[in-house]
Structures are given as structure tokens and as C-alpha cells.
Amino acid sequence: MSDKKPVLLSGIQPSGHLCIGNYLGALKNWEALQESYDSIFLVVDMHALTIKQNPAELRQRCLSYVAQYIACGLDPEKSHIFVQSHVIGHAELAWVLSCLTPLGELQRMTQFKDKVAKLGFKVNEREDGQEGDEVKFTHSGARAQASVNSGLLSYPVLMAADILLYNADLVPVGEDQRQHLELCRDLAQRFNQVYSETFKIPSAFVSKTGARVMSLAEPTRKMSKSDKNQNATIFIHDEPDRIRKKIASAVTDSGNEIKANPDKPGVTNLLSILAALTGTEIPEIEEKFSDRGYGEFKEVVTEATIEALRPVREKYLSLTEDKSYLLSALKDGTSVAQKRAYRILSKVYRKIGFVERPR
Ligand code: TRP
């Protein structure tokens, strides 16, 4: 038992296509981490349902995401890769956990409030105009509540179930998911307290090395794989010419100094992309470009991006031709995951007092 590797688990929603933000911020780290952990990587299609999906596209995208994961370096021989909805237990455990989750905790989640606000509704305001604790729909009340599906609210509980279903020790996530992981830890503790020791308490793993890549068009916002503006995001399968065009049109800042600085978000972003791609420190790059201009700098960033993504793109393209390989990788991942999930779910069901299934 003691020589067992700790369990690492993470996942990404299959929306849009993976971008260099995902690659540099997450997948490149996961690739390294899979060497020393018992790793589980999910394509979280159930989470994707919180946003309206086109069924045919969703179906196609899930398999494509598996190809993208592998193209970015995840290895089905070393890690368990699968699609969330293929394993029975995620929704079941989420239900149990949701009965331990006070509504207010979900309504206070920053990401929920942001998502609701993005749908165009004013939230989190009390009658007196002060910040309140819970989401209140202050205008077009009924319509607003009708168009915010409750999956959006319970999203973090499903995420907690993903993690606890495999007793994960470590969960690599971006800064924006920290609060969700906190909830997961609270729920694990709450369950253990109420029903006796069952779950491990997982830790967030926010990498120091991973870059936080910002939008090329609006560098104060995080680069998003589902951005409407296609020039804002570099996808991992972008052709060299596209990458050239996108970086050429990337927003830089006034002045011509190549220095990382809060009032130069465009240049800072390109600097951190280059640093992450080449494994160099930003000051070293600044030094190198101290007497050179934006044009030359952008060219170097462009070439580094093209070279780094070339093998990823080639692997992705060849994997999309090899559906049988993808399916067999998924089959392996799913069968290991399902065994583990059943084990934990049965334990949970027993502890909460569900009667044993007749055999
Ligand atoms: N909520 C995560 C995100 O949007 C995705 C996710 C779902 C996840 N389940 C997870 C991440 C479990 C880590 C572990 O990024």
C-alpha cells in the first residue's frame, strides 16, 4: 500500500478547442506530473451541459479533446484518460454531496456570480444597493431566474464529486478554480464528520511554473478557448500562418520598451508566453531585447510558438485519423476509473444508509 503513488486528478470542459493558455497553464504541467502521480484526466462533458450545446458538436468535440490531451503529452499508458459521462458515479455522488451543501455557499461562488452576470443579469445587489451575500436578481427577476439553469449553481458540487470519487490527493487547477476546490475540501470534511472517515482531503496544486496566458486582443483578460474573437486565442492546432497573423495583430502597448509591467499588459503577456515556451526567465528575455523593438520581439515570440506547437499539431492531426487508437485508450481509462468509482460510491452508499443492492 505504502508504495502507491498519490492520486492526481484534473479536467477541462470540452468547449471550443484547447489553446496555448490551456497548454502552458495546465497540460504541460500535467504531462510532467503524470510521471510521479497516479494520474486521472477527465474530459468533463457533464460540466459542459451547463452551457447550451449542439449535440452533434459536443459528441465530436469529446473525442477530439481526448486527441488533444494526448497530443499535448498526456500518455494513456501512464495516465487514466476518460470522458466524465462514461463513468457512472459522478452524478450519483454529486447528488449525495449536494444534500450536504448549503444553498448559500453555492450562491456565493465568485464564478457563479460571474457566469450569471455574463448572461446579462444584475446580481448580488441588495435593495439598498450594497453588496449582498447571495445572488439576487434585481431586474427582470423572473426571466433572469428562468434562464439561469440550476446546473450552473450546482456545478461546483459535481466538480467535488469528480475529485472525491477517486480520492484524489492533488488537483492541479487554475486560480479561478481555487474556491471550488475549497468547497470540495469542505464537503469531504463534512461528509467525514457526519458519516465517519471516508474521503481524503484533496489539495489544490496551483503551479508556480505554469503561465497565465492572457487574450491577445484584450490582454487584461485571460485567454479563453471559447472566445468569440478568433484572433484573441492561439489554438494548439493552429497552422503556422495563423499563428503569425494572430501574434502580428496582438495588442501591444504604447512606448517601445520590452518590459513586463502592469501598465503594459500586452507586452507582459507576450513575455510570459515566450518565457513559458522556452523555459527562460522574463528578466533574461527583457535583457536580451533591451535595445530591440516590438517588431523583432514579436517575430521571436511567433517562431517560438510555431516551433513549440508544431509537434503538438502534428500529433493531433495524426490522432484524429486514428479513431480506433483513441477509443482503445479511452476504453482502458474508463474501465479503471469505473472500478474505482464503484468502490467509493458503494462505500458512500453504505455509510449514508442506503440499503445494499440485492445480488
Ligand atoms: N471546473 C473546472 C474548470 O472549469 C473543470 C473541472 C471539472 C475540474 N471537474 C474537475 C477540474 C475536477 C479539476 C478537477 O476548469
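The values are calculated or read from the model by the stated rules, or taken from the named source; none is laboratory data. Since the model is a prediction, treat every value here as computed from it, not as a measurement. Ideal geometry is used to build each Cβ from the backbone, glycine not excepted, and the neighbour counts take in all protein chains shown. Just the protein is used for accessible areas: all its heavy atoms, side chains included, with ligands, DNA and RNA removed. Shrake-Rupley method; radii C 1.70, N 1.55, O 1.52, S 1.80 Å.
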Check: Filter the stretch 134-163 for residues that are more than 10 Å from the ligand (Cβ to nearest atom) and open to solvent by less than 10 Å² (accessible area, probe 1.4 Å); which is modelled with the lowest pLDDT?
Finding: ALA144
Next item on the list: Please determine, by comparing only the residues of the stretch 1-60 that are closer than 30 Å to ASN269 by Cα and open to solvent by 40 Å² or more (accessible area, probe 1.4 Å), which one is nearest to the ligand (Cβ to nearest atom).
Entry: ILE51
Notebook entry, point to check: Of the numbered conditions (1) under 24 Å from the mean Cα position of the chain (by Cα); (2) at pLDDT 95 or above, THR278 satisfies every one except a single condition; which is it?
Noted result: (2)
Note to self: Scan the stretch 312-332 and tell me whether some residue there is touching a Gly at 6+ places or on another chain (Cβ under 9 Å), among the hydroxyl-bearing types (Ser, Thr, Tyr) and on the phi < 0 side of the Ramachandran plot.
What the structure shows: no
Checklist line | Filter result (within 14 Å of PHE235 (Cβ to Cβ) and open to solvent by less than 80 Å² (accessible area, probe 1.4 Å)) within the stretch 302-316 | finding: THR305, ILE306, ALA308, LEU309, VAL312, ARG313, TYR316
Margin query: If I go through the stretch 72-101 residue by residue, how many of them are among the β-branched types (Val, Ile, Thr) and open to solvent by 10 Å² or more (accessible area, probe 1.4 Å)?
Written below: 3
Margin query: So if I check each of LEU319, LEU327, which one is open to solvent by 80 Å² or more (accessible area, probe 1.4 Å) and of a type in the set (A, V, I, L, M, F, W, C)?
Written below: LEU327
Notebook entry, point to check: Within the stretch 67-95, how many residues are within 20 Å of ALA341 (Cα to Cα) and of a type outside the set (D, E, K, R)?
Noted result: 17
Notebook entry, point to check: Taking the stretch 73-96 only, how many residues are among the aliphatic types (A, V, I, L, M) and under 14 Å from MET46 (Cβ atoms)?
Noted result: 6
Note to self: Let me spell it out: the conditions are (1) surrounded by 17 or more Cβ atoms within 10 Å (Cβ to Cβ); (2) farther than 30 Å from PRO262 by Cα, and LEU216 meets all of them except one. Which number is the exception?
What the structure shows: (2)
Next item on the list: For residues that are at pLDDT 65 or above and over 21 Å from MET46 (Cα atoms), scanning just the stretch 106-133, find the one that is surrounded by the fewest Cβ atoms within 10 Å (Cβ to Cβ).
Entry: GLY120
Check: Would you say GLU197 is modelled with pLDDT under 95, open to solvent by 20 Å² or more (accessible area, probe 1.4 Å) and away from the ligand (no atom under 14 Å from the Cβ)?
Finding: no
Note to self: Looking at the stretch 282-310, I want the residues that are free of Cβ contacts under 8 Å to residues at least 60 places away in the same chain and under 23 Å from SER249 (Cβ atoms) and have a partner that is among the basic types (Lys, Arg) and in a helix (DSSP H, G or I) with Cβ atoms under 6 Å, at least 6 apart or on another chain. Which pairs are those?
What the structure shows: THR302/ARG244
Notebook entry, point to check: What number of residues within the stretch 166-190 satisfy the criterion of being touching a Lys or Arg at 6+ places or on another chain (Cβ under 8 Å) and either open to solvent by less than 20 Å² (accessible area, probe 1.4 Å) or near the ligand (Cβ under 10 Å from one of its atoms) (or both)?
Noted result: 5
Checklist line | Selection from the stretch 233-252 of residues that are charged (D, E, K, R) and surrounded by fewer than 16 Cβ atoms within 10 Å (Cβ to Cβ) | finding: GLU239, ASP241, ARG242, LYS245
